[in-house]
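Below: the structure, in structure tokens.
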Amino acid sequence: MARLRDGTEVEVRPIGPGDRDALADAFEHLSPESRYRRFFAPMPHLRERDLDYLTRVDHHDHEALVAADPRTGAGIGVARYVRTGPDVAEPAIAVADDWQGRGVGSLLLAALADRARDEGIRRFDAAILACNDAAIRALEHVGDATVESDGTEVRVCVELADASAARPRWAELLSHFAAGAIEPACTVVEALRRR
């Protein structure tokens, strides 16, 4: 389980062939605008071969993560990457209209970046509609990003730092403290005073 900014819990897991019907249903509930932002063209429905491609992934060169509402099991978002080079992948994301603006996309992209690093991917390279500010901002938060305009689209390149380098120094210190590897400063000061 993972938590959104508002405290709502969502389940994030890899997609599988068993998600085919849920994905088709979730797609039917996307607005035409959300479909266009994801596919760059009008997309009235997903064909059988589209559903095969989107749910039968190898979890190495093609990964997809699903966010679901744990109360209902309904899919609320999908993030995926497809490897385009030895250490480069193209990410894509779609979030149900009624869940947009709550942090689902950012949560999914962070989890997807972790999976990508695990599989040796060091950079995301994505074409995004220039009007899709939410997707651009979400990608900018994943790593060191450059955004280049290309007419109605922008190209966003994100360098994915090593997982250990991506963690803030204070988070690393807190994890050492929690594991008992370091003591809080006040304990150290008290020990010095006693001497």
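The values are calculated or read from the model by the stated rules, or taken from the named source; none is laboratory data. Only a predicted model underlies this, so the values are computations on that prediction, with no experimental measurement involved. Cβ atoms come from the backbone with ideal geometry, glycine included; neighbour counts cover every protein chain shown. With ligands, DNA and RNA removed, areas are computed over all heavy atoms of the protein, side chains included. Shrake-Rupley method; radii C 1.70, N 1.55, O 1.52, S 1.80 Å.
Per-structure values
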{"read-out": "Per residue accessible area of the range 13-58, 1.4 Å probe, in Å²", "value": "64"}
{"read-out": "Rg in Å to one decimal, and Dmax rounded to a whole Å, for the range 16-153 via C-alpha atoms", "value": "14.4, 42"}
{"read-out": "Spin-label pair Glu9/His62, simplified geometry with 7 Å Cα→Cβ offset, distance in nm", "value": "3.3"}
{"read-out": "The range 1-122 - percent of accessible surface contributed by carbon and sulfur, probe 1.4 Å", "value": "52"}
{"read-out": "Mean Cβ count within 10 Å, highest first, over the residues of peptides 76-89, 134-147", "value": "76-89, 134-147"}
{"read-out": "Coordinate range along principal axes, alpha carbons of the range 1-65, Å, largest first", "value": "34, 29, 21"}
{"read-out": "Alpha-carbon centroid distance for the pair the range 71-128 / the range 28-54, whole angstrom", "value": "16"}
{"read-out": "Difference of contour (0.36 nm per residue) and Cα-Cα distance, Thr152 to Ala41", "value": "38.7 nm"}
